[in-house]
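Chemist: One structure, as structure tokens, below. Some questions next.
The values are calculated or read from the model by the stated rules, or taken from the named source; none is laboratory data. No experiment lies behind these values; they were computed from the predicted model shown. Cβ sites come from the backbone with ideal geometry, for glycine too, and all protein chains shown count toward neighbours.
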Amino acid sequence: MRDLRACVVALGLLTMSSMPARADAIQYTAQLWVPGLGNDYYHEPVGLPGLTSGGRVVPLVNLYSVTPAEATSTTYNGENPTYLLQSEFPISLTVSLPLDLARSSGVWGVEFQGTLDANYAYTPYGHRLGGTIAGNFTSASSFGGQSFSADAIPADLRALIDHPERLHITGSSNGSVLSSIEVDLTIDPPTPIPEPASLAILMLGVAGLIARRHSSS
């Protein structure tokens, strides 16, 4: 029983050591760029949730229509057109540091690049918009002053640079009158990575329990 308790304690220590350290959340802002989609290539910056724990921004931006120039095809109901957009667009998300931190560190922000799949339709008659969009990010690059160092990038943002796949863009609309597609940004929480020393403690505890059971059988 004592060996079992030791294993439970070791497991608890492992879990605690793998949890991200708490710190004052930095108030980052994000700005979405979608060249070729919508009249605006970029959108107003919005505040981000804590990067360490993950979260959701609702909405990152709203899409309201599809222009004839953007449409990949057009259908008609009588004389009323519906513009269909089924295409893939490059996207980038600029995450900026607060001004005071940017000045002190020399790091201005990080740009994440990815692709966005759009599949929706807009009917000008009745202003109906319906469909979905989804996007993921695959790479990232930091930017700053001439003398900035990558070591000056905050740890939570640096972890996101290493794993841009934690970022997701989603949006949908049911096609109701005067609808828009709310584009949400979701940040997945990081996957805890056990510390090697803590993992060794756990393995020793498990090995001791197995050896004790074998010797008593």
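Okay, residues lined up against (1) under 30 Å from PRO164 (Cβ atoms); (2) in a strand (DSSP E or B); (3) touching a helix residue (DSSP H, G or I) at 6+ places or on another chain (Cβ under 8 Å); (4) in the same structural domain as PRO124 (by TED's automatic domain parsing):
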residue: PRO49; (1), (2), (3), (4): yes, no, no, yes
residue: SER53; (1), (2), (3), (4): yes, no, no, yes
residue: VAL58; (1), (2), (3), (4): yes, yes, no, yes
residue: ASN62; (1), (2), (3), (4): yes, yes, no, yes
residue: PRO68; (1), (2), (3), (4): no, no, no, yes
residue: THR75; (1), (2), (3), (4): no, yes, no, yes
residue: PRO81; (1), (2), (3), (4): no, yes, no, yes
residue: GLN86; (1), (2), (3), (4): yes, yes, no, yes
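Chemist: Are there any pairs with C-beta distances below 7 angstrom linking a residue in segment 42-68 that is of a type in the set (Phe, Trp, Tyr) to a residue that is surrounded by 14 or more Cβ atoms within 10 Å (Cβ to Cβ) and in a loop (DSSP other than H, G, I, E, B), with the two at least 6 apart or on different chains, and if so which?
Modeler: TYR64/SER180
Chemist: Moving on. Just checking, does segment 103-111 include any residue being part of a strand (DSSP E or B), exposed (fewer than 14 other Cβ atoms within 10 Å of the Cβ) and polar (S, T, N, Q)?
Modeler: Applying the first criterion (part of a strand (DSSP E or B)) to segment 103-111 yields 107-111.
With the extra rule that they be exposed (fewer than 14 other Cβ atoms within 10 Å of the Cβ), the set shrinks to none.
Scanning segment 103-111, I find no residue that is part of a strand (DSSP E or B), exposed (fewer than 14 other Cβ atoms within 10 Å of the Cβ) and polar (S, T, N, Q), so the answer is no.
Chemist: Sticking with this one: How about segment 41-95: which of its residues are on the phi > 0 side of the Ramachandran plot and in contact with an Asp or Glu (Cβ under 7 Å, 6 or more places away or on another chain)? Give the steps one after another, and end with the answer.
Modeler: First, the residues of segment 41-95 that are on the phi > 0 side of the Ramachandran plot: 54-55, 78.
Within segment 41-95, GLY54 is the sole residue that qualifies.
Chemist: Condition first: at pLDDT 50 or above, among the hydroxyl-bearing types (Ser, Thr, Tyr) and either buried (at least 18 other Cβ atoms within 10 Å of the Cβ) or not in a loop (DSSP other than H, G, I, E, B) (or both). Can you find one or more residues in segment 13-28 that meet it?
Modeler: The first filter runs over segment 13-28 and keeps only residues at pLDDT 50 or above, leaving 24-28.
Filter once more, so that each one left must be among the hydroxyl-bearing types (Ser, Thr, Tyr): 28.
Still in the running and either buried (at least 18 other Cβ atoms within 10 Å of the Cβ) or not in a loop (DSSP other than H, G, I, E, B) (or both): 28.
Yes, segment 13-28 has at least one match.
Chemist: Taking into account only those residues within segment 115-158 that are touching a helix residue (DSSP H, G or I) at 6+ places or on another chain (Cβ under 8 Å) and β-branched (Val, Ile, Thr), which is modelled with the highest pLDDT?
Modeler: THR138
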